[in-house]
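The values are calculated or read from the model by the stated rules, or taken from the named source; none is laboratory data. Since we're looking at a predicted model, the values are computed, not measured. With ideal geometry, Cβ positions are generated from the backbone for all residues, glycine too; neighbour counts draw on all protein chains shown.
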Amino acid sequence: MMTEEEIYAAAERAGKPRSRTGNFEIDRIRFDEKGLVPCVVQDSRTGRVLTVAYMNRKSLEITLSRGVTCFWSRSRQELWLKGESSGHFQHIVSMEADCDADAILVRVEKDGPACHRGTDSCFDTDLHVEFAAE
């Protein structure tokens, strides 16, 4: 388990500092009963959805302060800085909350595959269906 200090240090190593504008206020986010908010992560260049992950207040603070995605791992029950072990960081281009402030859309530039399986997106699976107009 990474300490908070280790998360911050790894986020610093991710580089690509950016200036920040806007009024994203953490206090307006509606976290669920477990203290989490779902985040849809989208490639800023292609518009493709890369993953859906969860943030708690601390991971959202790290994301906003460092400019790279940090999530809460529900399976490991710990902070998870995307790219810390793989080097495939996701650099924030923009973030916005939905109309109820209970979900977040994060647009990123990525350093490599988004999925831990090495695929471009976590949605690169054979579990899908398509519908065609008749």
If you go through segment 78-102 one residue at a time, how many are over 23 Å from residue 46 (Cβ atoms), at pLDDT below 95 and part of a loop (DSSP other than H, G, I, E, B)? 2
Looking for something more than 25 Å from residue 32 (Cβ to Cβ), of a type in the set (Phe, Trp, Tyr) and within 13 Å of the chain's Cα centre (by Cα) - is there at least one such residue anywhere in segment 122-131? no
Residue by residue through segment 14-65, note down the ones that are over 21 Å from residue 2 (Cα atoms), modelled with pLDDT of 95 or more and part of a loop (DSSP other than H, G, I, E, B). 29, 30, 31, 32, 33, 44, 45, 46, 47, 48
Take segment 12-55 and flag every residue that is surrounded by 11 or more Cβ atoms within 10 Å (Cβ to Cβ), within 15 Å of the chain's Cα centre (by Cα) and of a type in the set (Gly, Ala, Ser). 14, 44, 53
Taking the residues in segment 94-134 that are surrounded by 15 or more Cβ atoms within 10 Å (Cβ to Cβ) and among the basic types (Lys, Arg) as candidates, determine which candidate is farthest from residue 24 (Cα to Cα). 110
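Quick check on my filter: what residues within segment 30-72 are among the aliphatic types (A, V, I, L, M) and within 21 Å of residue 99 (Cα to Cα)?
Taking segment 30-72 and keeping what is among the aliphatic types (A, V, I, L, M), we get 36-37, 40-41, 49-50, 52-53, 55, 60, 62, 64, 68.
Within segment 30-72, 36, 37, 40, 41, 49, 52, 53, 55, 60, 64 meet the criteria.
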For residues that are closer than 17 Å to residue 36 by Cα and over 11 Å from the mean Cα position of the chain (by Cα), scanning just segment 74-93, find the one that is surrounded by the fewest Cβ atoms within 10 Å (Cβ to Cβ). 75
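Give the residues of segment 56-68 that are among the small types (Gly, Ala, Ser) and buried (at least 16 other Cβ atoms within 10 Å of the Cβ), sorted by residue number. Break it down into steps so the answer makes sense when it comes.
Initial filter on segment 56-68 (among the small types (Gly, Ala, Ser)): 59, 65, 67.
Within segment 56-68, 59, 67 qualify.
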